[in-house]
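A.B. asks: First the structure, which I've put down as C-alpha cells, then a few questions once you've had a look.
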C-alpha cells in the first residue's frame, strides 16, 4: 500500500529574500540625480544667452521709444514757441549769459507729460533752491522717467551733504562737434542746440532728418572742466588728459536741470563709446562751464555712450530714431552733428 504524504508549501526563509525585493523602490540614486542636475544646467546655459539677448533688445527698444518721445517733444515745442529750446536758457536773476541756465530737457517737460513738474518750476530764477511738496523735496532731485534708459545702473538720486540734490539722465542734446559757445560774441556752435539759441527748422539747411537731436550718454561720468584754454585744438582721445582742468570723479550727466554741456549735452569729437581714459576712468572734457565766465569760450568732448552692445540710440531732428554702431566713420558722425555744414550724410548702417 502506497502511503501518501501531505505536501507542505515551500516557504523561503525570510532572511533569504533580497532587500530590494522586500519593498518597492522609491527615489533616485545619487548618480541619477547628478545626471538630472547636469542636464538642467546644460539647458540653462543654452537658454541664458538667448534670454539675456532678448532682455537687452527690449531695453534698447525702450530707450529708442523714449528718444522718439524726446524728439517729438522738441518738435512740439518749436510748433508752440516758434523756436527750438536752447541748450542753456538764461534766467532773470542771473546775468544774461552768466549763472545757472535751465536745460533743454527741463524746458520741454510739458511735452513729455510732465506738466505738473514744469508748473512747479520758475524759469526766471535759478533751479537751485526750488522745491516740490512745500519745499520738502528739491525740484532738481526729482526723477524724470522719460529721461532715463532702463539699462542705466545708476538710476538713483545724487546726494550732497546728506541731502537729495540732483537726478541723472541718459538723453543729451546735440551741442555740436567741438566748439559750443562764446560768451563774448554770443556765437553758438554747429549743433542743433547752444546757449540762448533761437533756432528754427529753417536754420537746419542740412535737413532735420540729417541732423542729430539727441544721443545716449551714461550717467555718473567722470570729467574735467574749466581748463579755460584759449581756442584749444580738436584733440585725440590720447590728448584729452593733457588738456587738464578741474577733475570731477563721477558727476557728469547727473543734473537734468543744468543746461551745461557736460550735464545735459553731447558732442561729436569721438564716435560712440570711444574710451577716453584718464586717471583710470572713462572721461569727458569741457573747457569752460557755460554761465561761469564772460570771456572764456566753451569747447567740449562729451562722448555718446550707452550700455547697449556695440552702439547707441540717436534721435534725429525730424523725430526718427536710429541705432548707430561704434564703428561709424568719425567724419560721418561729426557731419550728423552739424545743422548747416552742407555735407551729405546718411546714418543708415
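The values are calculated or read from the model by the stated rules, or taken from the named source; none is laboratory data. For clarity, every value in this text was computed on a predicted model and none was experimentally measured. When we count neighbours, we look across all protein chains shown, and the Cβ atoms used for this are built from the backbone with ideal geometry, even at glycine.
A.B. asks: From the list 319, 265, 259, pick out the single residue that is within 24 Å of residue 197 (Cβ to Cβ) and touching a helix residue (DSSP H, G or I) at 6+ places or on another chain (Cβ under 6 Å).
C.D. replies: 319
A.B. asks: Here's a follow-up. Filter the range 219-246 down to residues that are touching a residue at least 24 places away in the same chain (Cβ under 8 Å) and assigned to a helix (DSSP H, G or I) and give me whichever is surrounded by the most Cβ atoms within 10 Å (Cβ to Cβ).
C.D. replies: Within the range 219-246, the match that is surrounded by the most Cβ atoms within 10 Å (Cβ to Cβ) is 240.
Table: residues versus (1) touching a strand residue (DSSP E or B) at 6+ places or on another chain (Cβ under 7 Å); (2) within 17 Å of residue 206 (Cβ to Cβ); (3) assigned to a loop (DSSP other than H, G, I, E, B); (4) without any contact (Cβ under 8 Å) to a residue 40 or more places away in the chain.
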{"residue": "283", "(1), (2), (3), (4)": "yes, no, no, no"}
{"residue": "294", "(1), (2), (3), (4)": "no, no, yes, no"}
{"residue": "337", "(1), (2), (3), (4)": "yes, yes, yes, no"}
{"residue": "342", "(1), (2), (3), (4)": "no, yes, yes, no"}
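A.B. asks: Continuing with the same structure: Just a yes or no: is a residue in the range 94-112 more than 30 Å from residue 232 (Cβ to Cβ), out of contact with any strand residue (DSSP E or B) (no Cβ under 7 Å at 6 or more places or on another chain), at pLDDT below 95 and exposed (fewer than 15 other Cβ atoms within 10 Å of the Cβ)?
C.D. replies: No, the range 94-112 has no match at all.
A.B. asks: Also, I was wondering about something else. Which condition does residue 249 not pass, out of (1) touching a helix residue (DSSP H, G or I) at 6+ places or on another chain (Cβ under 8 Å); (2) in a strand (DSSP E or B), if it passes all the others?
C.D. replies: It fails just one condition, (1).
A.B. asks: If residue 271 passes every condition in (1) under 27 Å from residue 77 (Cα atoms); (2) touching a helix residue (DSSP H, G or I) at 6+ places or on another chain (Cβ under 8 Å); (3) surrounded by fewer than 24 Cβ atoms within 10 Å (Cβ to Cβ) but one, which one does it miss?
C.D. replies: Single failed check for residue 271: (1).
A.B. asks: With under 18 Å from the mean Cα position of the chain (by Cα), farther than 21 Å from residue 222 by Cβ and modelled with pLDDT of 95 or more as the only criterion, which of 321, 261, 330, 266 stands out?
C.D. replies: Values: 261 fails: farther than 21 Å from residue 222 by Cβ; 330 fails: under 18 Å from the mean Cα position of the chain (by Cα); 266 fails: farther than 21 Å from residue 222 by Cβ.
Of 321, 261, 330, 266, the one residue that is under 18 Å from the mean Cα position of the chain (by Cα), farther than 21 Å from residue 222 by Cβ and modelled with pLDDT of 95 or more is 321.
A.B. asks: In the range 192-206, is there at least one residue being without any contact (Cβ under 8 Å) to a residue 40 or more places away in the chain and either in a loop (DSSP other than H, G, I, E, B) or on the phi > 0 side of the Ramachandran plot (or both)? If you could, list the steps in order and put the result at the bottom.
C.D. replies: To start, the set of residues in the range 192-206 that are without any contact (Cβ under 8 Å) to a residue 40 or more places away in the chain comprises 202.
Then keep just the ones that are either in a loop (DSSP other than H, G, I, E, B) or on the phi > 0 side of the Ramachandran plot (or both); that gives none.
The answer is no; no qualifying residue exists.
A.B. asks: Which residues, counting only those in the range 159-169, are assigned to a loop (DSSP other than H, G, I, E, B), in contact (Cβ under 8 Å) with a residue 40 or more places away in the chain and farther than 15 Å from residue 87 by Cα? I'd like the intermediate steps shown before the answer.
C.D. replies: Looking only at the range 159-169, we keep the residues that are assigned to a loop (DSSP other than H, G, I, E, B), and these are 161-162, 167-169.
Restricting the remaining residues to those that are in contact (Cβ under 8 Å) with a residue 40 or more places away in the chain gives 167-169.
Matches in the range 159-169: 167, 168.
A.B. asks: Test each condition in (1) surrounded by fewer than 19 Cβ atoms within 10 Å (Cβ to Cβ); (2) modelled with pLDDT under 95 for residue 308 and report the one that comes out false.
C.D. replies: For residue 308, the exception is condition (1).
A.B. asks: When you check residue 175 against the structure, is it under 17 Å from the mean Cα position of the chain (by Cα) and either at pLDDT 95 or above or under 18 Å from residue 261 (Cα atoms) (or both), yes or no?
C.D. replies: yes
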